Amino acid sequence: MRLMAFDYGTKRIGIAVSDPLQIIATSLTTIHPDEVFTFLKEYLKTEQVETFVVGKPLQLDGTASESAQHVVGFIRKLQKEFPSIKVVEVDERFTSKMASSAIAQSGMRKNKRQSKALIDTVSATIILQSYMESKGF
C-alpha cells in the first residue's frame, strides 16, 4: 500500500505518493484545497493508501505557525472522510527551501523553477521522503 503526503497551503496543496512497496517518494500533483477531497476519493478508487503524511508548519522555535490552524482543520477532515487511513504529522520546516534548492540544481529554466505549484509538489515529496527515512523504509 502507498503512503501519501501533503504540503498544505490555503492556495495550493502539494501531493506526493510512494510506490506500493514504499521505497520511492514521487511528486503527484498540486491541487486547490477546495478540490482535494474530490481528487482523493477518485484516487482511492484505484489505489490503496495506508497512511496520510501531513506537513506540520512550525516556526524555527518549534511552536505552531499561523497556518497551523488550517492544517489542523485539514487533518480533521481527512480523518472524518477516510477513517481507515492513518494520519501522521511531520515537521515541514525548511521543506520549501529544500525544494527550491533541489529545483534550482535540477537544471530547469528559471521561469519553470519559480513555479509555486512545482515547489509545493517537491515539498510534499521531501515531507514523504523524510517520513519514510524516519520509519526506516
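Which residues, taken from the range 20-59, are in contact with a Ser or Thr (Cβ under 8 Å, 6 or more places away or on another chain) and part of a loop (DSSP other than H, G, I, E, B)? If the condition is that a residue be in contact with a Ser or Thr (Cβ under 8 Å, 6 or more places away or on another chain) and part of a loop (DSSP other than H, G, I, E, B), then I24, P57, Q59 are the ones that fit. On the basis of being of a type in the set (K, R) and modelled with pLDDT of 90 or more, does K41 make the cut? Criteria met by K41. If only residues of the range 41-59 that are among the aliphatic types (A, V, I, L, M) and under 13 Å from L3 (Cα atoms) are counted, the one that is surrounded by the fewest Cβ atoms within 10 Å (Cβ to Cβ) is L44.
The set of residues in the range 5-35 being free of Cβ contacts under 8 Å to residues at least 24 places away in the same chain and either touching a Gly at 6+ places or on another chain (Cβ under 7 Å) or surrounded by 14 or more Cβ atoms within 10 Å (Cβ to Cβ) (or both) consists of I31 alone.
One residue alone among V17, V90, V72 is at pLDDT 95 or above, in contact with a strand residue (DSSP E or B) (Cβ under 9 Å, 6 or more places away or on another chain) and outside any loop (DSSP other than H, G, I, E, B), and that residue is V17.
The values are calculated or read from the model by the stated rules, or taken from the named source; none is laboratory data. None of the values given here were measured: they were computed from a predicted structure. All Cβ positions, even for glycine, are placed from backbone atoms using ideal geometry, and neighbour counts span all protein chains on display.
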